[in-house]
């Protein structure tokens, strides 16, 4: 039987971290075939894994697989490298394979990448060395700009179906608002929302501190990914409306994995707020389906890969029906 065992130490995003270490069937993927030197163009089909030169002396590691349209972009949550789309931690009746990345590649061209300062699920976990480090607190605008530079430099054909986990949903949301002509659809995988702060009240500063200092020793390393959440919300609110594209929302049902010593009152507030945030995401578009990943914590793509793959497939199908 495939054991479920939280990865305690790096889980990030909308709340708390939980890194995987020694989970049966969970591992950082071996590098696939691809160019070791920085590339300015990625093949339109087949496997690619390597750095892409995005300008300014920076490179971002990109992995792509499969073929077809639209191009699916998998955006990881806060502090997470692209690894979270490549392994599973399931229990019956959920199958342990395929993971989301190869599963989506069966019917679409799919790509994912390492943001700088994110955690690779190696043994032991470590910050990625595959993308050029960037110092300081990152703005959501800068993260969305990086995504646009990467997609442009790699010559990945638009429009894109953007799949964002947790804080990655904020990145894909802003990208879609700023690039409506390049956006074919959105899938939010237990994504962070813009209406969090009022739900926390006076606890908001403590929550922000927990996000950027989630209890892993890696947080003390130079270059560890930290973000300006309030600035991110302001950027989304100041941007144009979301394009009228198909949306799908996946939401957890189980509590967030919490680092030792996290205040219970803060975690209780988070659990009360999260369903409200998910309903707000559903209201962003007409007839937006919401899947509840029963039995899954925040890492829906890891615990329910088949459900996540199915949501992407649904979005692809709905994109195909647009006039």
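The values are calculated or read from the model by the stated rules, or taken from the named source; none is laboratory data. Please read these numbers as outputs of a predicted model, since none were measured by experiment. FYI the Cβ positions are ideal-geometry reconstructions off the backbone, even for glycines, and counts take in every protein chain you see.
Here are the numbers for this structure:
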read-out	value
Hey, residue 134 in contact with a strand residue (DSSP E or B) (Cβ under 9 Å, 6 or more places away or on another chain), closer than 18 Å to residue 248 by Cα and touching a residue at least 24 places away in the same chain (Cβ under 8 Å) or not	no
Hey, residue 129 touching a helix residue (DSSP H, G or I) at 6+ places or on another chain (Cβ under 8 Å) and either closer than 30 Å to residue 295 by Cα or surrounded by fewer than 18 Cβ atoms within 10 Å (Cβ to Cβ) (or both) or not	no
Residue that is nearest to residue 99 (Cα to Cα) [pool: residues in the stretch 304-317 that are surrounded by fewer than 24 Cβ atoms within 10 Å (Cβ to Cβ) and in contact with a strand residue (DSSP E or B) (Cβ under 7 Å, 6 or more places away or on another chain)]	307
Residue check, residue 268 under 20 Å from residue 112 (Cα atoms) and surrounded by fewer than 22 Cβ atoms within 10 Å (Cβ to Cβ)	no
Residue identified as touching a residue at least 40 places away in the same chain (Cβ under 8 Å) and either assigned to a strand (DSSP E or B) or within 20 Å of residue 171 (Cα to Cα) (or both) among 148, 53	53
Count of the stretch 269-323 residues which are on the phi < 0 side of the Ramachandran plot, in a loop (DSSP other than H, G, I, E, B) and touching a residue at least 40 places away in the same chain (Cβ under 8 Å)	11
Residue within the stretch 191-213 that is out of contact with any helix residue (DSSP H, G or I) (no Cβ under 7 Å at 6 or more places or on another chain), outside any strand (DSSP E or B), under 30 Å from residue 104 (Cα atoms) and at pLDDT 95 or above present	no
Residue check for residue 89: in a strand (DSSP E or B), under 23 Å from residue 168 (Cα atoms) and either modelled with pLDDT under 95 or in contact with a helix residue (DSSP H, G or I) (Cβ under 7 Å, 6 or more places away or on another chain) (or both)	no
Residue within the stretch 123-134 that is outside any strand (DSSP E or B) and closer than 24 Å to residue 233 by Cβ present	yes
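Quick grid of which residues meet (1) at pLDDT 95 or above; (2) closer than 20 Å to residue 221 by Cβ:
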{"residue": "102", "(1), (2)": "yes, no"}
{"residue": "116", "(1), (2)": "yes, yes"}
{"residue": "136", "(1), (2)": "no, yes"}
{"residue": "145", "(1), (2)": "yes, no"}
{"residue": "169", "(1), (2)": "yes, no"}
